[in-house]
Amino acid sequence: MSEPVGGSGARGIVRGPQSFVAGLGLIALALFAIWAGGDLARGTLGAIGPGLMPYGLALGVGLCGAALCVAGLLRDGAPLQSMPLRGPVVILLAIGLFAVTIRPFAFGSLSTPGLGLAVAGPLAVLVAGYASHEARFSELAILGLLLTAGCMLLFGDLLNLPIPMLPTALIQALSGTLPSRTLLRIAAGALALAGLVLLVVSRRSAKREPIDVARHSLTT
């Protein structure tokens, strides 16, 4: 159990420190997202640009942060608590890994291969999931595969956003053989199928486990 920082007595103008600090963090994150995507065209609702959805999400996050700050000023809440470093460090590692793998990234004379969302997405979900002590590889793999397949169809097929979807080497190898949208749909379908197969296998294993335990207890 993490210990609260500070007592439960008078806290001055901030009555809910946890809510207030969380709100400030969300506002800072929203401002950073708006700044980072400032050079992307937003377009219109009829012709959505690559910057419209990130901008809308950033505004939503900022509004949620502002609401938390107001709640921290108006309502009594929990005091600040000491925070373990595992969660933030692993999440930041997953974000950085996603950034350097979704498209080619240069480190001086070295560069990473562009793996596209099809590979960078599941990889980021797997790494981020281990921010929790209760992480299970099979559950994270299923989530990563199905979530990535949905994102590929939504952002690449329906919205046609300029996001790298497939590994650069695969695109070069299959260039001219299939239309890019068809290739994207095939890849998304393969990811979704793999995720569903893992889901069925994991559920069958979970159902067999109590039976195996009961048999073991009877034989012993």
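The values are calculated or read from the model by the stated rules, or taken from the named source; none is laboratory data. The structure presented is a predicted model; accordingly, all values stated were derived computationally and were not measured. Every residue, glycine among them, receives a Cβ derived from its backbone with ideal geometry; neighbour counts consider all protein chains shown. These accessible areas exclude ligands, DNA and RNA; they are computed on the full protein's heavy atoms, side chains included. Shrake-Rupley method; radii C 1.70, N 1.55, O 1.52, S 1.80 Å.
The table that follows gives values for the structure above.
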{"item": "In the stretch 40-119, chymotrypsin sites (Phe, Trp or Tyr not before Pro) in a DSSP loop with at most 14 other beta-carbon atoms within 10 Å", "result": "none"}
{"item": "Length-normalised contact order of the chain in % [C-alpha pairs under 8 Å, at least 6 apart]", "result": "17"}
{"item": "Fraction of accessible area attributable to carbon and sulfur, the chain (%, probe 1.4 Å)", "result": "71"}
{"item": "Gyration tensor verdict on the stretch 71-220 (Cα atoms; rounded if a/c is under 1.5, prolate if a/b is larger than b/c, oblate otherwise)", "result": "oblate"}
{"item": "Order of exposure, largest accessible area first, which applies to Ile27, Ile142 with probe 1.4 Å", "result": "Ile27, Ile142"}
{"item": "Gain on full stretching of the segment that runs from Leu73 to Arg42 - 0.36 nm per residue minus C-alpha separation", "result": "7.7 nm"}
{"item": "Fluctuation leader among Leu191, Leu80, Leu147 - the chain, Gaussian network, Cα springs under 10 angstrom", "result": "Leu80"}
{"item": "222 nm mean residue ellipticity, helices alone, for the chain (DSSP H n ≥ 4; -39,500 (n - 2.57); rounded to 500)", "result": "-21000 deg cm²/dmol"}
{"item": "Electrostatic dipole magnitude of the stretch 86-219 [Cβ: Lys, Arg +1; Asp, Glu -1; Cα centre; debye, to 20]", "result": "220"}
{"item": "Per residue solvent-accessible surface (Å²) - the chain, probe of 1.4 Å", "result": "66"}
{"item": "Sequence ranges 194-206, 60-72, ranked by mean other-Cβ count within 10 angstrom, highest first", "result": "60-72, 194-206"}
{"item": "Cα gyration tensor shape of the stretch 98-167, rounded if a/c is under 1.5, else prolate or oblate by comparing a/b with b/c", "result": "oblate"}
{"item": "Kyte-Doolittle at least 1.0, axis length at least 18 Å by Cα - qualifying DSSP helices, the chain", "result": "17-36, 52-74, 86-101, 116-129, 137-151"}
